[in-house]
Amino acid sequence: VMSAIKESNIKNGLCLVQTAHTTCSVYFDEYMHDTNYYGDDYLTVDIDHLLDRLVPRQTTENFPYLSPGPKHIAYGMKKTDPNYPAEKWSMLNTDAHIRADLLGSNVTLGIKDGRLMNGSVGSIYFVDFDQTRERNRIVNIILVGDDK
């Protein structure tokens, strides 16, 4: 994000960081300096623990969620996009959709004097909650402003 702002020459304006993936989130939070043995900062781990209690993982069809239903499964089985394998189990990701809904898909921060207004410890995080498949993910950075 910082390099995109620098390359744009925008001095004052807005920065939108957004994902169109419905199982992904972009959110803004404080960077924590302490990490667990996997390298995850403690606040991220705390958020994960909270989400695990609120939104249990979907491990089989129709439990603990109704979604995806038979019409959506039929739709998914017809897709030819390599990011969406034609496997019914790959659609058992309702938990990922709900988690992404809770954290949101975008962050908008100001740009002042060519710098992102994220404070001294604020960071932008991207997370993909879908654990059913590997895929390429896209994050969009949209900058609006002037060079004065």
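The values are calculated or read from the model by the stated rules, or taken from the named source; none is laboratory data. Values in this document were obtained by computation on a predicted structure and should not be read as measured data. Here the Cβ positions follow ideal geometry from the backbone for every residue, glycine too, while neighbour counts run over all protein chains shown.
Residue by residue, here is whether (1) charged (D, E, K, R); (2) more than 19 Å from Gly13 (Cα to Cα); (3) surrounded by fewer than 13 Cβ atoms within 10 Å (Cβ to Cβ) holds:
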| residue | (1), (2), (3) |
| --- | --- |
| Asp101 | yes, yes, no |
| Asn106 | no, no, no |
| Leu109 | no, no, no |
| Phe126 | no, yes, no |
| Ile141 | no, no, no |
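Give Met77, Met32, Met91 a once-over and let me know the one that is farther than 30 Å from Lys148 by Cβ, surrounded by 15 or more Cβ atoms within 10 Å (Cβ to Cβ) and free of Cβ contacts under 8 Å to residues at least 24 places away in the same chain.
Met32 is the lone residue from the list that is farther than 30 Å from Lys148 by Cβ, surrounded by 15 or more Cβ atoms within 10 Å (Cβ to Cβ) and free of Cβ contacts under 8 Å to residues at least 24 places away in the same chain.
For Ser25, indicate whether it is over 24 Å from Ile98 (Cβ atoms), touching a strand residue (DSSP E or B) at 6+ places or on another chain (Cβ under 6 Å), at pLDDT 95 or above and not aliphatic (A, V, I, L, M). Break it down stepwise before answering.
Numbers: over 24 Å from Ile98 (Cβ atoms): no; touching a strand residue (DSSP E or B) at 6+ places or on another chain (Cβ under 6 Å): yes; at pLDDT 95 or above: yes; not aliphatic (A, V, I, L, M): yes.
No; evaluated as a whole, the condition is false for this residue.
Taking Leu16 as meeting all but one of (1) in contact (Cβ under 8 Å) with a residue 12 or more places away in the chain; (2) farther than 24 Å from Gly145 by Cα, write down the number of the exception.
All conditions pass for Leu16, except number (2).
Could you identify the single residue in Tyr75, Tyr84 that is modelled with pLDDT under 95, of a type in the set (Phe, Trp, Tyr) and part of a loop (DSSP other than H, G, I, E, B)?
Tyr84
Quick one: what pairs do we get from the stretch 102-113, first residue on the phi > 0 side of the Ramachandran plot, second exposed (fewer than 13 other Cβ atoms within 10 Å of the Cβ) and of a type outside the set (Ser, Thr, Tyr), C-beta under 7 Å, 6+ apart or different chains?
The qualifying pairs do not exist here.
Which condition does Asp41 not pass, out of (1) in contact (Cβ under 8 Å) with a residue 12 or more places away in the chain; (2) out of contact with any helix residue (DSSP H, G or I) (no Cβ under 6 Å at 6 or more places or on another chain); (3) crowded, with 16+ Cβ neighbours inside 10 Å, if it passes all the others?
(1)
Specify the residue that is nearest to Gly119 (Cα to Cα); the eligible residues are those in the stretch 44-65 that are in contact (Cβ under 8 Å) with a residue 24 or more places away in the chain and not in a helix (DSSP H, G or I).
Filtering the stretch 44-65 for residues that are in contact (Cβ under 8 Å) with a residue 24 or more places away in the chain and not in a helix (DSSP H, G or I), the one nearest to Gly119 (Cα to Cα) comes out as Val55.
Being in contact with a helix residue (DSSP H, G or I) (Cβ under 8 Å, 6 or more places away or on another chain) and surrounded by 16 or more Cβ atoms within 10 Å (Cβ to Cβ) narrows it down to one of Pro56, Pro68, so name that one.
So the residue among Pro56, Pro68 that is in contact with a helix residue (DSSP H, G or I) (Cβ under 8 Å, 6 or more places away or on another chain) and surrounded by 16 or more Cβ atoms within 10 Å (Cβ to Cβ) is Pro68.
Scan the stretch 19-29 for residues that are out of contact with any helix residue (DSSP H, G or I) (no Cβ under 9 Å at 6 or more places or on another chain) and either under 18 Å from Asn118 (Cα atoms) or free of Cβ contacts under 8 Å to residues at least 40 places away in the same chain (or both) and report the count.
1
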